[in-house]
1. Of the residues C:VAL762, C:VAL751, C:VAL720, which is of a type in the set (Val, Ile, Thr), closer than 18 Å to C:GLU410 by Cα, touching a Phe, Trp or Tyr at 6+ places or on another chain (Cβ under 9 Å) and without any contact (Cβ under 8 Å) to a residue 40 or more places away in the chain?
2. Looking only at region C:563-601, filter to residues that are assigned to a loop (DSSP other than H, G, I, E, B) and among the β-branched types (Val, Ile, Thr); which one of those is surrounded by the most Cβ atoms within 10 Å (Cβ to Cβ)?
3. For region C:14-62, what are the residues that are without any contact (Cβ under 8 Å) to a residue 60 or more places away in the chain and among the polar types (S, T, N, Q)?
4. Just wondering, is there one or more residues in region A:60-76 that are buried (at least 16 other Cβ atoms within 10 Å of the Cβ), under 24 Å from B:MET115 (Cα atoms) and of a type outside the set (A, V, I, L, M)?
5. Just to be sure before I move on: is D:GLY190 modelled with pLDDT under 90, under 18 Å from D:VAL42 (Cα atoms) and within 14 Å of another protein chain (Cβ to nearest Cβ) in the structure I sent?
6. Output the residue which, of all residues in region A:111-131 that are under 13 Å from A:ARG55 (Cα atoms) and assigned to a helix (DSSP H, G or I), is nearest to the other protein chains (Cβ to nearest Cβ).
7. Taking helices (runs of 4 or more DSSP H) that do not extend beyond region C:485-562, which have at least 2 residues that are hydrophobic (A, V, I, L, M, F, W, C), over 25 Å from the mean Cα position of the chain (by Cα) and within 16 Å of C:THR317 (Cα to Cα)?
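The values are calculated or read from the model by the stated rules, or taken from the named source; none is laboratory data. Computed from a prediction, not measured in an experiment: that's the story for all the values here. Positions of Cβ are backbone-derived with ideal geometry, glycine not excepted, and every protein chain shown enters the neighbour counts.
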Amino acid sequence: MSARREDRGTVSGGFGATLKGLATVFRQVFRADVTEEYPRRIQPPPPRSHIGRHRLNRHEDGLEKCIGCELCAFACPADAIWVVGADNDPEHPVSPGERYAKDYQINYLRCIMCGMCVEACPTRALTLTSAYEMSFLTREDAILTKDQLLEPPAPLGTAPGTEEG
Amino acid sequence: MPVERLPGRHDGRATSDVEEEVRRGVLLTTLDRAVSWARKQSMWPVTFGLACCAIEMMATGAGDYDLSRWGMELFRASPRQADLMIVAGRVSQKMAPVLRTVYDQMPEPKWVISMGVCASAGGMFTNYAIVQGVDTIVPVDVYVPGCPPKPEMLMYGILRLHEKVRTRGRVR
Amino acid sequence: MSVEPEPVTLTIDGKEVTVPTGTLVIRAAEQLGIEIPRFCDHPFLDPVGACRQCYVEIEGQRKLFTACTTEVAAGMVVHTQNTSELAHEGQVANLEFLLINHPLDCPICDRGGECPLQDQTMAFGPGESRYIEPKRVYRKPIPLSPLVLLDRERCVLCARCTRFCDQISGDRFIEMFARGAGQQVAIAAGEDFRSPFSGNTIQICPVGALTASTYRFVARPFDVHVADGICGHCSAGCNVRVDVRRGEVVRVLARDNAEVNDAWICDKGRFAFRAADGPGRVTTPLIRERGLEPASFDEVLGRVAEWSRGARVAFLTGGRLADEDAFALSKLARVAFGTNDLDHRRAFHGGLAEELEAASALRVTYRDVERAGAILVVGLDAEQEVPILHLRIRKAARRGARVFVVHSRETRLSDVAEHLLCRPGQEGAVLERLIEGGAAGSDEERVARALRTAEGAVVLAGSLLAEHPLATDVALRLSRRLGAGFALVPRRAGDRGALRAGVHPALLPGGRRLAVASERAEVEAVWGELRSSEPGRNGREILEACARREIDVLFLVGVDPLRDVPDAALARRALENVPVKVVQSLELGELEPYADAFLPAAALHEREGHLTTWEGRSQRTRPVRAPAGLSRPDWEIFAGLAEAVGAPLGFGSVEELREEMEALLAPREVSERPTAWVGAGVPQWLDEVTLFTYPLLVDEGRLSEGASELKAALEEPAFVEVHPEDAERLHLADGGWARVRTGAGEATLPVRVSSRVAQGSVFVPFNQPGLEANRLLSGRFTAAATLEAVPGGGEGARGGEGIAGPEAKT
Amino acid sequence: MAVLTPELRAEAERIKARYPAGRERSAIMPLLYLVQSVEGRVTQDGLREVASLLGITTAEVEAVAGFYTMIRLRPTGRYVVSVCTNLACALRGARGVLEAARRTAGVPTDGELSEDGLFTVHEEECLAACDAAPVVAVNFANYDRMTEATVSELIEALRRGEEPPPARGPFPGDFRLVSRLLAGVPESVGAGAPEATATAEEPLR
């Protein structure tokens, strides 16, 4: 290695080094393209990835799993979750048991996607999905309410703004 | 208080702008649309990486995700030559005036993307040291959640901004 | 006073501690900072050793002892779970047993996050349980009353709730049923947990078995902002903790204070917390233009100053002001306006007794009542007016005190006290006979002897005594004769503070008499020269003066004369004739058509301040949130008004105000003066039947607005209580209806025939749904009345604007 | 409506008088038996009446009544057949005797009333006659060394109205009469009580 370093000072040596550099660049032309064409071709995120929006799950019989116990709000380091519990009406309960979440909001401009709420949830009501296509024009839109969270998230690439590419 | 809103923030379109737009009527929209379309083609972001989101912004700018597909790979150091400020990372109270100065030095038209929850609303740092949301300092056009937002999320934010510029752009 | 028990020294976990004999090991450990887990032990309840959680090992003893029932002995060496493996295993096993049938309800249980079982299982308990069989299941929750919900699955059978009802409140509605394997807390079928202290069982329940319906699923301990306050409902001065979630009060709990309320508060203090957040609250100043329009403080104060500068001004306040507000008002009236027409009372005792209470503090305290040998309660229904004093009297009775009640109606002390029922207004005469020792062989003689022989007797006088002028002074003379303590017990939280601050026509701050030059000079040294030394008009005279157009501007501070003053007609006439009416309160309510200006006052839990208990103890209350809207503490409004009138009060902050106040309100002696006892004769209108009234605990008062669960549980509709003999004479049937006619008005009410009321008198509650009793009164809380049966029950003839029968509960 | 007839009420006052002033609540056990002797069991009204007699709350009375198996809060037949299933009797086959008794009397589950309203069969703790295990008590009079056959025969005899003599002492009579005696009130006072009331009013459990 050291022998070659001296001759770089000479004109022919310098020219050789430049040619070698260009060669490396030229080889690059034939290598595969690494760029991910995000809006047109979306890499499906790994199956268990949880970098997207939350989702409130339901039991098979349609009852909401969330019982409004506020443990997720307690566990959240960023205080992004707001829950208000209420009494289930025995005739048409919202969730199994005595208690359900009358109001459930997550502020996505506070949530750091750490998943501690999912760990804290005793009924597996709250899980993170991989629907990461979210951005908001105002702060209010960033607060997703219970009905929005109950809806299964739209598949990637269909959110507004992605068609134009 | 887990979810709160801070006074004095606005989302880049003061109500006065809306009236003015309606008052000028339809005639100029075709010119508007053309100019706006042009404006969104190659927004040069000012380098404003503050914290961990900046590393993700670099990843977005780098080869894999490649902002240059929208002509945005050039992170201009001087605000004079930039039209988009991506606030990437938590903004400390000491940084706020600097951010405002950089924003003021940017020529019109200019837009702001607040990248990551810390810039958008203070994230998990609900304390005295961090500005609870950049929109209390500069008008923010698009908030991108995430900590840090995946490059695709940032790009989706940028696409939302392009859509916003294209549909609501106007010649001033 | 019994001699102090001599100290005993013992070692716990290797540390030495010296405590008086009779102290329990668990208390001694607490003094050393060693926490022994426990469920059934409660510092204010007798030990029972039901839950077996507080096992400790005592050297030289074969088996484990329960720390909560074992008294200390000299040289005893105790090992708690920290230093004894055996004790630790005992506790772990016991917790495993307790958790066997305990449901996994933590996420849906209101006690989650503040549950002693949860905390102590995490700290001292087993990691997992070996119990795999199905857990016992009960129907749940069962409403014991509209306030208290019972969940028997969670109950660990510690019997704290049943012991509270047995030892403290005496309302033994809940008990341990089916003693044995299936033991559970229950209430008799068809009955309600109808006790004004039921809320305490919820707070002392160490698990989530008893929960409050008002707090059901409303908040979590981590999400609640807490402040230490003082209850503003009555003069007991209970130390409370106010919980707020997102600016709205969600719960009120009792704080421990062995000097005042032990660890208890009454259900009104606990469940009536929504008044300040109610829809009726007004938080912006209003001024009368075309209608009442919002305006700024300066504009409204400026206009009010304009109206009142140089005019004849009078101030009427309710009993809700904090001490600082009362002092500021007293200074405003006398210095800024130079008038003595201000009064906070609606029961005018007058006489030396009132001056004594105004001048001094802590002559009789809760401790004195607790340790009294004999207690004489006169003209006071403690359970309905000052509930925590009622509990303290019961505590004294439990320690062997002889309790006597002179009242026209039997109170809830009936199981621990002897009642001398007398017709309303006759209390003075009964006291007079007690002073003379009572006729031979009569009840009074026996009571007099008991009071004389008892050690540390106490006389508690209530507001009904004001029915006969200077009757309170007879009570004072009786207490002097017996060498007993004397206390005049007002009903409302701000009464004693207002009296000591001088919101009184004839008394300056510190009970200094206006007419006595030397006492007036002491105040003038601080306030400067006072313009008039003539005693002003009392509450009733102010209203009469307003009706005769002798007052130009009437200030109504936290009082609604139409409902509070015992003469609705006079109040209406006064409001219609006084040109300018300024209302300063939390809400407008029925004063909306009359108010010319409205100044929004801050609620008690929104501002700094002090409240004085009936003992004269001034206690600080801290704000739990900022005042709502533009409302301000009352003293700030008075200071602003004084400035607007051009005579600033001279203090800019509450600290300065308190400095000046402490100087003037230091307890002082009152120079004796003879009080003319106006004949022990019978009041002149003792014809057929004497109607008397006083407000019950849960009524339509403004501070109970919005407390729907409390009212569903404890509020009774209006009724008239008649003695059996009178009922027979007037042909009234229990459950039937009667038209009650007095000089001032009439009403048709459901009849209750009961021997709880003195013969010859009928009781009508003052402010229950269906009747504002002040329609029937003309200035006093008693009136001559005639009753006649109304055939066909309530739906038939209706007096006045229709009296809702029990079925139409508002 | 009052449970006790006027004579029984006077009897109740006499019972109360036996106890010192301020300690009347100690008269609760005899009064419960007295009320039980009128209705064949202690109903809510019975509890309320005892409570008013003693000046305590109904809950306190029900707390006491709930502990004792001889105070029946649930519908009860004229003959209470208690089969001891404690250690000694169990070893000698008390489980079989219980099944047989229940089958013959037609009692669906333990402690319930039989269809014809005559019998209540329930598992009893120790009847203190281990030498004569297995023991069956009818209205608290013991029958020794019972077997499945003899207990069925005993129940059939009772159904026929006979009065089979117990191991010791005379035949106790029906449940109401026994309650009356346990209350310490001679049988003659306020006799002629109505048939067993099989009301199915389900108390709070």
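1. On the way: C:VAL762 fails: without any contact (Cβ under 8 Å) to a residue 40 or more places away in the chain; C:VAL720 fails: without any contact (Cβ under 8 Å) to a residue 40 or more places away in the chain.
That would be C:VAL751, the only listed residue that is of a type in the set (Val, Ile, Thr), closer than 18 Å to C:GLU410 by Cα, touching a Phe, Trp or Tyr at 6+ places or on another chain (Cβ under 9 Å) and without any contact (Cβ under 8 Å) to a residue 40 or more places away in the chain.
2. First pass over region C:563-601, keeping only residues assigned to a loop (DSSP other than H, G, I, E, B): C:565-567, C:578-579, C:586, C:588, C:592-596.
Next, from what is left, pick out any that are among the β-branched types (Val, Ile, Thr): C:565, C:578.
On the way: C:VAL565: 22, C:VAL578: 24.
If we take residues in region C:563-601 being assigned to a loop (DSSP other than H, G, I, E, B) and among the β-branched types (Val, Ile, Thr), then C:VAL578 is surrounded by the most Cβ atoms within 10 Å (Cβ to Cβ).
3. C:THR18, C:THR21, C:THR23, C:GLN31, C:GLN61
4. Yes; the residues of region A:60-76 include at least one that is buried (at least 16 other Cβ atoms within 10 Å of the Cβ), under 24 Å from B:MET115 (Cα atoms) and of a type outside the set (A, V, I, L, M).
5. no
6. A:CYS117
7. C:539-547
Here is a yes/no grid of residues against (1) within 29 Å of A:GLY52 (Cα to Cα); (2) over 11 Å from the mean Cα position of the chain (by Cα):
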residue	(1), (2)
B:LEU84	yes, no
B:PRO109	no, yes
B:SER114	yes, no
B:THR126	yes, yes
B:ILE158	yes, no
